[in-house]
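Data block below; observations after.
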Amino acid sequence: MTEKARLVYSTEHGQIGKAMDKQSKKNKPGKAAPAAASIKNPARQGVRISRESKGRGGKTVCVISGLNLPAEPLKELLKRLKTKLGTGGALKDDCIEIQGDHRDKLLALLESEGIKARAAGG
């Protein structure tokens, strides 16, 4: 390399320069993994509705887990549930959290949406 083109600082380890270019061409990843396809039969998911209050200042929330849906349909379902129940909620880690103890109502609402759910816990 010429003096003007020399590397001053790099956070990368290993060889730098032409050898690195050849190596990066060899290590190109193949085809990316396919995006998660939507579930063909949403009624056969392992959906559970549990009641939790830990880490929430004593307030009770119902957590709906096991919904294997992409992010957009999950957001739409959350909005419909919050509207029908008249309560708040959030989408965290692919689980829907609904404020308050609404397990029985949620079971009926999810059944009307075509999703079979089971109550979990006490």
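Which entries in Lys54/Lys82; Lys84/Lys105; Lys54/Lys116; Lys54/Lys84 show an alpha-carbon gap greater than 19 Å? Could the numbers behind the result be given before it?
Details: Lys54/Lys82 21 Å; Lys84/Lys105 10 Å; Lys54/Lys116 26 Å; Lys54/Lys84 25 Å.
Pairs exceeding 19 Å: Lys54/Lys82; Lys54/Lys116; Lys54/Lys84.
In debye to the nearest 20, how big a dipole does region 51-122 give about its Cα centre with +1 on each Lys and Arg Cβ and -1 on each Asp and Glu Cβ? Mind dumping the intermediate values first?
Working: 14 positive and 10 negative charges, 47 e Å.
I would put it at about 220 debye.
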Rg (one decimal) and Dmax (whole number) from the Cα set of region 45-120, in Å, equal 11.3, 33
What nm value, rounded to one decimal, do you get for the distance between Arg118 and Thr83 when each label is placed 7 Å out toward the C-beta? 3.1
Going toward the positive end of the dipole of region 45-120, with +1 on Lys and Arg Cβ and -1 on Asp and Glu Cβ, which of Gly66, Ser50, Ile115 do you reach last? Ser50
Rounded to whole Hz, the Karplus (6.51, -1.76, 1.60) HN-Hα couplings of region 73-85, x for glycine and proline: x, 5, 5, 5, 5, 4, 4, 4, 5, 4, 5, 5, 8
Which whole-Hz couplings ³J(HN,Hα) result when phi for each residue of region 57-70 is put into the Karplus expression 6.51 cos²θ - 1.76 cosθ + 1.60, θ = phi - 60°, listed in order with x for Gly and Pro? x, x, 7, 8, 10, 9, 10, 9, 10, x, 7, 8, 10, x
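Any read-out appearing in this document is the output of simple, stated calculations on the displayed coordinates, not a laboratory observation. Keep in mind it's a predicted model, so treat the numbers as computed, not measured. Glycine gets a Cβ as well: all are built from the backbone with ideal geometry, and neighbour counts include every protein chain shown.
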